Amino acid sequence: MSDTFQPSLGNLLRVLAPPLIWFLHLTTVYAAEALICIGPAAAAATMIAWTIALATAAALTALLLTAWTLHRGDAGHTQSVGSSRFLPGVSYLLILLSLLGIAWTILPTIFLPACA
């Protein structure tokens with residue numbers, strides 16, 4: 001029974017990190033657009049572009065670091081017969097879904113005019 005799954009805070013954080021990164025990106029992009037569009041329209045397009053670019057770069061970097069640490073943790077542990085592959089699989093799936101969510105969040109900013 002020593003090879004069975006042991007729940008821990010680290011496992012929970014590995015699973016929840018990608019959706020939290022996506023959520024922070026989503027709220028940052030939409031809050032920035034809402035706040036910037038309240039002001040003068042002349043500087044709004046440039047401010048929105050920079051804010052979205054920086055938020056997207058930060059979110060993608062965070063997701064890549066999450067995937068790298070997850071992969072590094074998997075490579076450092078040899079797999080035994082009773083070890084669980086469920087949580088790493090879920091973490092990788094959530095990283096992919098979070099990448100899709102980030103792309104979906106920035107699509108309106110690419111194809112629609114600022115403060116429309």
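The values are calculated or read from the model by the stated rules, or taken from the named source; none is laboratory data. None of these values were measured; they are calculated from a predicted model. So basically every Cβ, Gly included, is an ideal-geometry build from the backbone, and we count neighbours across all protein chains shown.
Results for (1) modelled with pLDDT of 85 or more; (2) more than 21 Å from the chain's Cα centre (by Cα); (3) under 25 Å from residue 110 (Cβ atoms); (4) crowded, with 17+ Cβ neighbours inside 10 Å, shown as yes or no for each residue.
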{"residue": "25", "(1), (2), (3), (4)": "yes, no, yes, yes"}
{"residue": "29", "(1), (2), (3), (4)": "yes, no, yes, yes"}
{"residue": "52", "(1), (2), (3), (4)": "yes, no, yes, yes"}
{"residue": "59", "(1), (2), (3), (4)": "yes, no, yes, yes"}
{"residue": "63", "(1), (2), (3), (4)": "yes, no, yes, yes"}
{"residue": "70", "(1), (2), (3), (4)": "yes, no, no, yes"}
{"residue": "78", "(1), (2), (3), (4)": "no, yes, no, no"}
{"residue": "86", "(1), (2), (3), (4)": "no, no, no, no"}
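Cβ separations smaller than 6 Å between residues 6+ apart or across chains give the following pairs from region 10-31 residues that are closer than 17 Å to residue 49 by Cα to residues that are not aliphatic (A, V, I, L, M): 26/105; 29/105.
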